[in-house]
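The values are calculated or read from the model by the stated rules, or taken from the named source; none is laboratory data. Please read these numbers as outputs of a predicted model, since none were measured by experiment. Heads up, the Cβs are rebuilt from the backbone with ideal geometry, glycines too, and the neighbour counts pull from every protein chain shown. With ligands, DNA and RNA removed, areas are computed over all heavy atoms of the protein, side chains included. Shrake-Rupley method; radii C 1.70, N 1.55, O 1.52, S 1.80 Å.
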Amino acid sequence: MDSERVSEAEGTALTDAELWLASKQGQTAALGQLYDRHAGLVYGIALKVLGNAQEAEDLTQDIFIKLAYRSSYDPQRGSLRTFLAILTRSRALDRVRSRQRESQQVIYEPWLEPAAASTALPVDITSQEEQHQVVQAALSELSDPERQLLQMAYYEGLTQASISSSLGLPLGTVKSRVRRGLLKLRQVLHGRIER
């Protein structure tokens, strides 16, 4: 009966605002019509911002779920099409920023960096070389995967996201292995210093 009320609006097409109000009253067919009208717009904006078809599809679904259950849309303030366009762009940018934050969460440990060429005194250069040798010896005590990830991150300057894509490992796996490797390296270095 819900679909009959929505589709039969006395032979005329309902406006977006009328369909939105009908969907808020539980008429699921109204939401379906809104989806049919605006999913292409939402998906297009999401794809342009995110650059990934799967993420764009997920965001499109999230936008319409939000519209159905938690929408702050007010028909008096503007068209639904404009509201959906702004909401989609905003949510897509949030996802891009979140992705960037995740890829930039590299743990910085200055004692892992190789000695830099500078105009330092010979005593300082010798000290840096000794520290570098201690770190290299400590790295040799780690497992091959841990050593490889730490060298890629700190000697080659790769982000965890680029390590993930180059090795074909999930980003979470790379992050946890780098962290675990750093903790083991710290223990090894502390053991060497205490001797």
message = What does the extension gain come out to for Arg81 and Gln54, with contour length at 0.36 nm per residue minus their alpha carbon separation?
response = 7.5 nm
remark   = Stretched fully, the stretch from Lys66 through Thr173 gains (0.36 nm per residue minus C-alpha distance, one decimal, in nm) 35.4 nm
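Probe radius 1.4 Å, ligands and nucleic acids left out: which of Asp144, Asp74 has the largest accessible area, and how do the rest follow?
Working: Asp144 100, Asp74 65 Å².
I get Asp144, Asp74, largest accessible area first.
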key: region 16-86 - percent relative contact order, Cα under 8 Å, separation 6 or more   = 33
request  = Could you point to the residue in Gly157, Leu169, Leu183 farthest towards the positive end of region 139-195's charge dipole, with +1 and -1 charges on the Cβ of Lys/Arg and Asp/Glu respectively?
outcome  = Leu183
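Sort Val174, Val188 from largest to smallest accessible area, using a 1.4 Å probe on the heavy atoms of the protein chains.
Numbers: Val174 0, Val188 30 Å².
Heavy-atom accessible area, descending, gives Val188, Val174.
Under a Cβ-Cβ cut-off of 14 Å, what is the net charge of the residues other than Thr82 that fall near it, where Lys and Arg count +1 and Asp and Glu count -1? Intermediate results must be reported in sequence, preceding the final value.
Values: positive: Arg37, Arg77, Arg81, Arg89; negative: Asp16, Asp74.
Computed value for this residue: +2.
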query = Leaving out ligands, DNA and RNA but keeping every protein chain, what accessible area does Ile86 have, in Å² rounded to the nearest 10, with a 1.4 Å probe?
reply = 110
